[in-house]
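Worksheet: the structure to be examined is printed underneath.
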Amino acid sequence: MRCGAPAQCRWPSGCSARPADPVGNAAGSCAPLACQALQAAQARSIARAFLPPQVWGNRRDYYYVRSKLGSDPLYDGVLRALPDDGAPLLDVGCGFGLLAHVMRQRAVAHPYLGVDVDAGKIARAQRAAAQAELAQVAFAVADAGSALPAHAGHVVALDVLQYLDACGQQRLLRQAAAQVARGARLLLRTPLATGDRRDHTTRLADRLAWWAGWMGTRPRHYPDPQHLRQTLQRAGLQVAPARPLHGRTPFNSWLLVAHRP
Ligand SMILES: C[S@@+](CC[C@H](N)C(=O)[O-])C[C@H]1O[C@@H](n2cnc3c(N)ncnc32)[C@H](O)[C@@H]1O
């Protein structure tokens with residue numbers, strides 16, 4: 001087990017596949033992944049890098065990071081699903097690069113490159129990574145809907161797919177799959193078009209985040225799980241059944257793990 005990772009996070013076993021199930025596994029009979037958000041002290045310690053340089057500066061990023069890390073099991077779930085092999089990791093739509101902070105807090109050593117279309121977020125991510133003295137962590141501005149930087153290793157895209165239209169998603173998935181090295185993984189955390197209450201809550205929250213100006217891009221398309229799976233399989237990846245990864249949040253968040261044999 002990796003240091004700092006709580007013991008409760010485990011992949012449910014014994015989920016039998018049901019053909020009628022929209023996400024390719026027995027949703028409803030499989031419990032959500034029991035991964036954990038960070039403990040308050042761990043979240044605070046990372047959030048400090050996002051404090052403004054002046055004491056009277058705006059602390060919005062600091063409070064956002066604290067609350068995100070303290071409530072969302074995303075980063076624990078991702079690190080649980082990544083082999084600790086030191087292969088380079090590309091984080092597509094990285095936002096503030098929080099995954100890099102959690103990796104280094106847990107002494108997980110993959111060289112990290114985060115890319116995001118939002119130049120302002122990338123600047124804040126770079127400032128915080130420098131403030132926290134994160135080693136082997138870099139950021140760049142890139143539009144995941146057009147071209148990704150050259151890379152071979154693991155690829156993650158966390159809560160970003162829905163900001164691309166259906167064609168952009170297909171392009172991104174094909175490009176990302178091509179960058180997954182042999183033995184490496186592609187991890188997607190994404191809402192899925194499941195048509196249930198969580199789906200509706202997520203669509204509403206994504207729209208509100210855009211209207212409020214927190215997200216610079218509006219949500220465009222909520223992926224169909226079967227399409228995701230087929231695209232990745234056609235690109236030569238083996239795809240495990242999607243698992244809910246939402247913790248106590250009300251959102252329709254799923255983790256999809258694919259690997260290149
Ligand atoms: C909900 S945030 C997730 C941030 C990060 N992945 C995380 O989970 O901590 C979605 C991110 O996707 C980025 N994004 C949206 N459209 C994008 C695109 N076409 N190319 C790259 N990034 C994009 C946004 O700027 C935003 O930072």
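Please grab the % of Cα pairs in region 40-259 that end up more than 29 Å from each other.
Working: 4941 of 24090 pairs.
In whole percent, the share of Cα-Cα pairs in region 40-259 beyond 29 Å is 21.
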Mark the label point 7 Å from the Cα of R48 along Cα→Cβ and return the residues of region 93-113 whose backbone N is within less than 13 Å of it.
none
Quick one: which residues, 5 or more positions from N252 or on another chain, have an amide H under 5 Å from its amide H? H modelled 1.01 Å from N in the peptide plane, none for Pro or chain starts.
T202
Mind putting a number on the dipole of the chain about its Cα centre? Charges go on the C-beta only, +1 for Lys and Arg and -1 for Asp and Glu, and I need it in Debye to the nearest 20.
280
Inter-part distance where region 162-222 and region 65-93 are each reduced to a Cα centre, Å
16
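Computed from the coordinates by the stated procedures, all read-outs in this text should not be read as laboratory data. Not measured: the values here are computed from a predicted model. Neighbour counts run over all protein chains shown; Cβ positions are idealised from the backbone, glycine included.
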